[in-house]
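Working notes, beginning with the structure itself.
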Amino acid sequence: MLELKNLTKRYGERVAVDRLSLCVKRGERFGLLGPNGAGKTTTISMLVGALKPDSGEILFHGEPLQGETDPLKRKIGYVPQELALYEDLTAAENLRFFGAVYGLVGAALAERVRYGLELVGLTDRAKSRVRTFSGGMKRRLNLAAALLHEPELLVLDEPTVGVDPQSRNAIFEALQGLAQNGLTLLYTTHYMEEVERLCDRIAIMDQGQIVAEGTQAELSELLPTEKSRTITLAADDATLALLAAHGLSWREGGERGGLESVFLHLTGRSLRDE
Ligand SMILES: Nc1ncnc2c1ncn2[C@@H]1O[C@H](COP(=O)(O)OP(=O)(O)OP(=O)(O)O)[C@@H](O)[C@H]1O
């Protein structure tokens with residue numbers, strides 16, 4: 001459905017995205033996982049036409065996507081990292097406005113607005129101004145706005161950053177329901193728990209490049225067996241300092257496992273920088 005071929009984007013001397021290629025199939029829940037600065041936002045911005053690649057190609061259903069005004073883009077929904085909402089309008093007014101931008105009118109518009117509010121659990125706040133919303137509620141409304149025109153592919157750029165657990169769950173439940181109904185997802189995040197929970201195929205991105213790609217099981221196989229061993233240690237400061245001195249990382253309450261270990265193994269660095 002979506003193919004990125006050798007995409008490259010430089011900011012001056014810095015290569016933000018470096019000959020990146022990936023393929024998202026119809027109905028897939030594809031995760032792009034990488035630390036802050038890996039180049040995820042730059043990649044997504046090129047995909048949605050907000051940035052022009054220096055080189056490379058973006059194909060959607062085999063056709064090249066050309067910039068922001070390409071009619072093919074109507075089949076893509078985009079949830080940007082930055083909120084795109086009018087604070088002085090109510091939730092429903094915001095959705096009606098964005099729906100109208102997509103050319104929806106009358107009963108069809110009203111139905112999509114109703115559906116969107118219900119999907120993200122904001123029906124009872126439909127008439128409240130956005131400025132009274134929490135950050136998480138705004139993010140949920142942002143998601144509803146991206147779905148008004150019934151896209152085939154939904155692209156999400158770190159949609160849960162700074163979101164409270166309740167809103168994060170609401171977003172996840174909405175995405176899981178949408179995926180079950182056949183929507184294709186391209187989900188970027190630096191939280192490995194999120195791709196583990198949501199995605200059936202994952203590309204790990206670092207310094208502008210894809211360093212590994214596959215299902216969770218395939219990625220786990222990249223890990224040498226000795227690296228995935230479980231050991232239990234007392235978490236006193238001396239032990240943690242010793243682990244750090246040997247370049248090992250850990251997780252409180254258990255061994256560090258899964259994609260976190262895969263990332264560490266492939267790049268020598270931790271996914272988390274917070
Ligand atoms: N407008 C810009 N000008 C110069 N450098 C930029 C610009 N935007 C991004 N970069 C740099 O390009 C690299 C990739 O950034 P990008 O925002 O795409 O990464 P990211 O994986 O989305 O990270 P984040 O989660 O922080 O958004 C980073 O080194 C960043 O500092």
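The single condition among (1) at pLDDT below 70; (2) outside any helix (DSSP H, G or I) that L222 does not meet is (1).
Looking at (1) modelled with pLDDT of 70 or more; (2) surrounded by fewer than 17 Cβ atoms within 10 Å (Cβ to Cβ), find the lone condition where L185 falls short. Every listed condition holds for L185 apart from (2).
Against the numbered list (1) more than 16 Å from the ligand (Cβ to nearest atom); (2) in a helix (DSSP H, G or I); (3) in contact with a Gly (Cβ under 9 Å, 6 or more places away or on another chain); (4) touching a residue at least 24 places away in the same chain (Cβ under 8 Å), N94 comes up short only at (3). When segment 1-19 is filtered for residues that are crowded, with 20+ Cβ neighbours inside 10 Å, within 13 Å of the ligand (Cβ to nearest atom) and either among the small types (G, A, S) or over 17 Å from T189 (Cα atoms) (or both), the ones remaining, listed by number, are L7, K9, A16. The single condition among (1) closer than 17 Å to R139 by Cβ; (2) of a type in the set (G, A, S); (3) free of Cβ contacts under 8 Å to residues at least 60 places away in the same chain that G77 does not meet is (3). Within segment 22-43, the set of residues being within 7 Å of the ligand (Cβ to nearest atom) and surrounded by fewer than 18 Cβ atoms within 10 Å (Cβ to Cβ) comprises N36, G37. Looking across segment 15-71, the residues that are part of a strand (DSSP E or B) and aliphatic (A, V, I, L, M) come down to V15, A16, V17, L20, L22, V24, L32, L33, I58, L59. For segment 192-201, the criterion of a residue being in contact with a Gly (Cβ under 6 Å, 6 or more places away or on another chain) and within 16 Å of the ligand (Cβ to nearest atom) is satisfied by at least one position.
The values are calculated or read from the model by the stated rules, or taken from the named source; none is laboratory data. Computed from a predicted structure; not experimentally measured. Please note: Cβ atoms are built from the backbone with ideal geometry, for glycine as well, and neighbour counts cover all protein chains shown.
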